[in-house]
1. Out of segment A:21-69, which residues are basic (Lys, Arg) and within 11 Å of chain B (Cβ to nearest Cβ)?
2. Give me a count of the residues in segment B:307-328 that are more than 17 Å from residue B:22 (Cα to Cα), open to solvent by 60 Å² or more (accessible area, probe 1.4 Å) and of a type in the set (Asp, Glu).
3. Among the residues of segment B:96-128 satisfying the criterion of being among the β-branched types (Val, Ile, Thr), more than 14 Å from every other protein chain (Cβ to nearest Cβ) and over 24 Å from residue B:40 (Cβ atoms), which is surrounded by the fewest Cβ atoms within 10 Å (Cβ to Cβ)?
4. Can you report the number of residues in segment A:373-394 which are out of contact with any strand residue (DSSP E or B) (no Cβ under 7 Å at 6 or more places or on another chain) and open to solvent by less than 70 Å² (accessible area, probe 1.4 Å)?
5. Residue B:199 - would you say it is touching a residue at least 12 places away in the same chain (Cβ under 8 Å), buried (at least 24 other Cβ atoms within 10 Å of the Cβ) and part of a helix (DSSP H, G or I)?
6. Name, by its number, the condition in (1) over 20 Å from residue A:287 (Cα atoms); (2) open to solvent by 20 Å² or more (accessible area, probe 1.4 Å); (3) not aromatic (Phe, Trp, Tyr) that does not hold for residue A:409.
7. Within segment A:264-273, is even one residue among the hydrophobic types (A, V, I, L, M, F, W, C), surrounded by 17 or more Cβ atoms within 10 Å (Cβ to Cβ) and not in a helix (DSSP H, G or I)?
Amino acid sequence: MQEFRLPDPGEGLTEAEIVAWRVKPGDMVHVNDVLLEVETAKSLVELPSPFEGTVEALLVEEGQTVEVGSPIIRVTSGDADAVETAADTADTVHKEEDGDGAVLVGYGVRGGAETRRKKPRTVQSVPAASAHPVVAKPPTRKLAKDLGVDLAAVIGSGLAGEVTRDDVVQAAKQAKVFRNLQAPEWAGGREERIPVKGVRKVIAQGMVDSAFTAPHVSVFTDVDATRTMEFVQRLKASTDFEGVRISPLLIMAKAIIWAIRRNPQVNSTFTGDELVVHHYVNLGIAAATPRGLLVPNVKDAQDMTLLELATALQQLTATAREGRTQPADMQHGTITITNIGVFGMDSGTPILNPGETGIIALGTIRQKPWVVDGEVRPRWVTTVGGSFDHRAIDGDVISRFVADVASILEEPALLLD
Amino acid sequence: MTPPAVTGTAAATEPIRLLDAEGRLVESDANAPWHELAAQLSTDDRLAMHGEMLRTRRFDIEAGHLQRQGKLGLWVPSIGQEGAQVGAVWAAREQDTLFPSYREHLIALHRGATMDQIIDIFRGAKHGGGWNPLETQGMRIYSLVIATHALHATGYAMGIRLDGTSGTGDASTDEAVMAFYGDGAASQGDASEGLVFAASYESPIVFFVQNNKWAISVPSTRQSRFPLHQRARGFGLDAAWIDGNDPLASFAVTRRMLDAARQGAPGYIEADTYRMGAHTTSDDPTRYRTSDEEESWRRRDPIARLAAHLREQGVAEAVLAEQDQEATELAGDLRRRTLEAATAISDDIFDHVYSDPHPLTTEQKRQLAEFEASFGGDA
């Protein structure tokens, strides 16, 4: 039996996140077959198997962050030698730790050797999964994975505590009912230290640069977006827009481009000496991606038809969601939309994307009582607002711009103008 | 027929290419003198070149795996660049001195460095290079600091001219120098200084620049708004632009440029190639380039190209398969040896900093030993 310890896949990295396992217990693996994908502060990489044999156990779960040097998978080797030594498990593990750990050039040997001598410091280095081995058949495991059920948390009703298919289905039903009510356990230790790195670090710097350079002013207005919702429904039904994702965000984007034409100064960059007013719109969309918050932009959105804009937005979000946004996609933005409505929020005071003068927040759109012709009626209401760089523009321009955007949401037919 | 000096022709729209992507010979009036030079390579030579490329590729892939398995601290893949390298090193004569960067695996192996010596550098087992240039036909050690060796190579070339071991007019004994670097290094000041001194002192040197299109994540189009070989002409060097995935073009042009350099006319070759893998194992190219771009270059693979040419020349499929098998076995052997190799000793990295013991390095050595001992094993 052999254990593969997480190597340092970069230079001097101390930990990596387990992104996806490509093998499962019982699988045969050859030397250099891909075992799993890990993400470090620097890159997403595949780790090839150093052994040949049968996977006995995965020692860490997907999503877990693991220290370099910690054992992550156990493989029973096919040759007679290894099978013999496997009988004396304790001894084998001991040897592996001393021998294999040592070769992790320069940075290795942390996990195993250390935890043997001291108390484990955090939950990270002790794989919870291996403590109570779950008995379940492979199809049951797959079902659990598909349904998002943590097998370790299911009490098995089968022989010797085996988790059955019914147990998993039952657990999934329960989970559905209580999804929003359950609070996970505290992670171990009184504090958790999350290193600030990668995208997080870039965001932190950008937000500080923006917030403490540009004096922000935020304004909001509530608007009856019922006609926008109807327009969206009609577009969805239209054959021209078949296969393209249509949402209120599209109308919002179009409204912003239209309102910029009437108030060009909101689409600008304040350099200190000059206000550089852009006669094009590279429309940024704040996107929560697997890598963190990114703001890719649609280049020259002012020249696009509604269909082209819808297609561009769809492509941009799909790319962002897959984590494939290229640096060029994020450069040279001129104005940004943040769609906090998708999280159910009504409004907020967003921070400007550095170098831009305006960021517009689209709130959630829900039915609320609204006064129409002296009567209270249920209407689809939302809040339009945003933050602007007060060095560059004043309250009158800002208010006119936001009112213009709101007027389109209220009556999208104005776009025909 | 003497091949024309490349400088003087109008700005080229296509690099010099003798073998196209399908491995067919590209015949033209302009190519005729280059074909004549390439004819110095017999079919057996070409087969041997193919074998070296295959062995380097398998070695490269295996080393990448070993890094991911924690056996190497770092690996620098050369996948995709074997064609430029094999042509260049076959063009070099025995007496020539070669200054590599850190991606010239094929060149190092050709001149007699072993796979294990290259691996030891990236395992952290050897301090200051893995081999002795006296034993590797003037193949110097890898230079990990970008472009510094452009100066070392130029200075060395200026020196041999003063020594009189170059510039006598006898190509079979006159020494020449080659410096290998990439498009990223070309942006470094050292690279430009090298060109200035090489031109000023008419030094016997050829700068062989593998433009693999990416300086880690910065595209070469950003590094230079116009082709690098044109920049070299501005410095007064004869410069050529070749299809770097064509081993025959690489051989012919390098052979002629080196022989001109022996007589005091320094040269510059921009090899148009592509780094198929990551910059190093610490890099993730999916973050800055598209798979479409990689795919378009995969179709121009130098090994497949030379293999197609060899089939055309009547080399049997079995012979090529045998080379492939041999390369795979060599990589497997290397893997076994690497797994068995003793743990790198970190101690002696302090021993070569000063000639005599120094209190600072002595203290650092003690601290490191203490740190490693804190893990409680024989780390």
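The values are calculated or read from the model by the stated rules, or taken from the named source; none is laboratory data. Quantities reported herein were computed from a predicted structural model and do not represent experimental measurements. We place every Cβ from the backbone using ideal geometry, glycine too, and count neighbours over all the protein chains shown. Side chains are part of the model used for accessible areas, which takes the heavy atoms of the whole protein and leaves out ligands, DNA and RNA. Shrake-Rupley method; radii C 1.70, N 1.55, O 1.52, S 1.80 Å.
1. Passing the criteria: only A:42.
2. Residues that pass the stated criteria total 2.
3. Per the stated criteria, the residue is B:114.
4. Final tally of qualifying residues: 1.
5. Considered against the rule, which asks whether it is touching a residue at least 12 places away in the same chain (Cβ under 8 Å), buried (at least 24 other Cβ atoms within 10 Å of the Cβ) and part of a helix (DSSP H, G or I), residue B:199 comes out as no.
6. The failed condition is (2).
7. Yes.
Residues checked against (1) at positive phi; (2) part of a loop (DSSP other than H, G, I, E, B):
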{"position": "A:313", "(1), (2)": "no, no"}
{"position": "A:332", "(1), (2)": "yes, yes"}
{"position": "A:351", "(1), (2)": "no, yes"}
{"position": "A:360", "(1), (2)": "no, no"}
{"position": "A:370", "(1), (2)": "no, no"}
{"position": "A:396", "(1), (2)": "no, no"}
{"position": "A:399", "(1), (2)": "no, no"}
